[in-house]
Amino acid sequence: ISTGQLVKGVTCQHIESMGTDIFLNSFKFFEMNLHLLSPYQVNCLAWKFWKASSASIPPFLLLVLPPEYLEFVSGPLCVPFIESLGKTEMDLLNPGHHKRNAVLQKVQECLNGSVADEYDVDLLGNLICHLPPAFLQSRVSLKAMATALHQFKFCQQLGHEQKTEIKYKLLELYGSSNNWTAATTLDVGPFIALLSKEELDVLAEKFPGIILQIAKTIGPVSSAEGLLSAVFESVSSATASTPSPLTMPDCLGTRVPSSDEIIKLAEANIFWSDQELKCMDPGTFDKNVELLGTVSGFNNSQLTALKEKAKQVWGLLPDWKSYHIVSLGRIALALTEHEIQELDLHSIDTVSVLSQQTEWTLTQARSILEGFLEDSGQAISTLKSFDLVGLGVILCALDSTEIMSIRTAEFSAAVARIGLLVCSTPVLRQFKKMTESVFGAAPSWNGSVLQEIGAIAGGLNEDELKAFDKSLMPYFQPVAVRHIPPEIFQALSPEQIANLGPENAAMVTGSQREHLDASQLQSLRLALDGARTSPPEAQSSAGATQEVQTPAPSAPCLSSFGIWLCAVFTLHLPF
């Protein structure tokens, strides 16, 4: 094996057919390219290694085997087990919820029930992000906490209860926030968002620059509203009040945002009132509209106020240039159906920017579609593949007749990108019919097609879904699995469900589960655990379809090269 990217196309059949010595000698290559593999491929590697040399299996591979295999980890295996897991993203290996709990329980056992010092923290690595709240509360020493704090900053999905325990540890370690220095505040970093509004106000008053710096590193508004509020009050109080220059009666005496404040506040601009935004100086708006258009936390009334300001500054909607429309960002979401119809949408470049917003209503999306077709002088039947790609999510507003009028060649060229769209079930069903005009009847589709069409497979009907061989189940894209209607999903046989693979099984929704019977739920548990439904010895070799082994190739098969790449990646590779 000599090239990294090709590992994406190595199937379970390839892995299973490798001789023991060749596999063990080549394993380092797989390990180095773990980030390129799907969870299903990693699962295949784990089973192959277990068969080839269970005594020397890398501990992180035990994570993708059923939970009972964790019993092999004890004594001298504990440190390498934790160390290897700590260097691996647990989400990459995609263990089911109950398996994750079993892994964390084994980790706690290996640590003798506590994180005592910085050595334990370093050993844990990424695993520290998954420690349960109760363990953080009573089992992490203050000596370890100072080092752990730095590691916690890199955790992407800490739960509310975990954050609460981290806050208590911070206060225990550093004392009251009223006594924190600038250095302490910087050390605490994004976790200052866990403090109360009163505590944040004190810090914002003492260290406004530091608080602003930290605020800009924090993601969703919901997780940092108190911090953003403190930033807003700090910046507002430190800046001289700017009265509105507008002479309208309702703007007289209204304090309005200045350019300097808008730039400093970033996401904290959400605390300007509708009235303050409405009364903003026209020059200030024109200069900062792009920044305001990126603020994710503006509500509908704030967006409407900014839209009205745009109309006041730029004039009549038909006179707006493409750069005006593009600069609006989220503000464009406030445009009504009638207002959208007035815009000049002849350019697919303009429309493609609008399509990047994911919060359009169906009515708005329909207006954008009709506006583009009318202004560009096109019909659905004349659209090129690059038009289809540029329309993006706006395609979800197409009706069934329009979808079937798309030219087959253009649809084929754009199908991988269309397969990334999450449209309503009726629209997905029409896209599925269109896909059949390209690749043939759904029951004849192979794994490459299923990978290529992505979410469109969510439009399959009950009979079509049941017709797929169980060996093709891991080739369904996770987004497709998630959007199969529950009443259709329940048509899958227990064998099909067992062969979904860990990644797809993890995408099954609660409503889909509710429609499954006991045997189907048991199969889903097997898929989540990465269990084999039959040993390789029981499978015939001459042209037979493997039961669980074939992994879904990952990302390349969603590229614009699509089917061609999938075909290349399923060739027998020279090991």
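The values are calculated or read from the model by the stated rules, or taken from the named source; none is laboratory data. Because the structure is predicted, anything quoted here is derived from the model rather than measured. No Cβ is skipped: glycine too gets one built from the backbone with ideal geometry, and neighbour counts run over all protein chains shown. Remember, those area values only see protein heavy atoms, side chains included, never the ligands or the DNA or RNA. Shrake-Rupley method; radii C 1.70, N 1.55, O 1.52, S 1.80 Å.
Before moving on, here are some points about what is shown:
- ³J(HN,Hα) computed for each position of segment 455-466 - Karplus, 6.51 cos²θ - 1.76 cosθ + 1.60, integer Hz, glycine/proline x: 5, 4, 5, x, x, 5, 8, 4, 5, 5, 5, 5
- 216, 264, ranked by accessible area, largest first (probe 1.4 Å): 216, 264
- Cα-based convex hull, segment 335-397, per residue volume (Å³, whole number): 71 Å³
- Probing with 1.4 Å while keeping every protein chain in the model, the per residue accessible area of the chain equals 43 Å².
- The distance from the alpha carbon centre of segment 36-50 to that of segment 423-464 is 28 Å, rounded to a whole number.
- Sorted from longest to shortest, the spans of the Cα atoms of the chain along the three principal axes equal 85, 68, 46 Å.
- Accessible surface ranking that places the most exposed of 21, 387, 201, 344 first, with a 1.4 angstrom probe: 21, 344, 201, 387
- Segment 294-315-segment 374-404 distance, computed between alpha-carbon centres (Å): 28 Å
- Between segment 244-286 and segment 118-171, the alpha-carbon center distance in angstrom: 41 Å
- When the residues 488, 263 are ordered by accessible surface, computed with a 1.4 Å probe over the protein chains alone, the sequence from largest down reads 263, 488.
- Sequence-ordered 3J(HN,Hα) estimates for segment 479-489 from the Karplus curve with 6.51, -1.76 and 1.60 and θ = phi - 60° stand at 5, 6, 4, 5, 10, 6, x, x, 5, 8, 4 Hz, glycine and proline given as x.
- Rg/Rh for segment 272-333 (Cα atoms only, Rh after Kirkwood) is 0.92.
- For segment 352-428, the convex hull drawn through the C-alpha positions has a volume of 85 cubic angstrom per residue.
- Accessible area of residue 207 in the full protein assembly, 1.4 Å probe (Å², nearest 10): 40 Å²
- The C-alpha atoms of segment 147-233 occupy a region whose extents along the principal axes are 28, 27, 18 Å, arranged from largest to smallest.
- For segment 372-492: span of alpha carbons on each principal axis (Å, largest first): 47, 24, 21
- Each residue of segment 32-38 is assigned a 3J(HN,Hα), and the resulting list reads 5, 10, 4, 5, 8, 8, 7 Hz, derived from the Karplus form 6.51 cos²θ - 1.76 cosθ + 1.60 (θ = phi - 60°), x at Gly and Pro.
- Here the accessible area is traced with a 1.4 Å probe on the protein chains. For the chain, carbon and sulfur cover 54 percent of it.
- Those lysines that a straight Cα-Cα span of less than 28 Å connects to residue 153, excepting residues fewer than 8 apart in one chain: 87, 99, 106, 143, 163, 167, 169, 197, 206, 216, 264
- Remark on residue 335: its backbone amide H falls under 5 Å from none of the residues 5 or more positions apart or on other chains, H modelled at 1.01 Å from N.
- Kirkwood analysis of segment 37-179, using all unique Cα-Cα pairs, places the hydrodynamic radius at 15.9 Å.
- Amide hydrogen proximity for residue 115: with H placed 1.01 Å from N in the peptide plane, the residues at 5 or more positions away or on another chain lying under 5 Å are 140, 141.
- Averaged over residues, the count of other Cβ atoms within 10 Å places the peptides 508-514, 102-108, 389-395 in the sequence 389-395, 102-108, 508-514, highest first.
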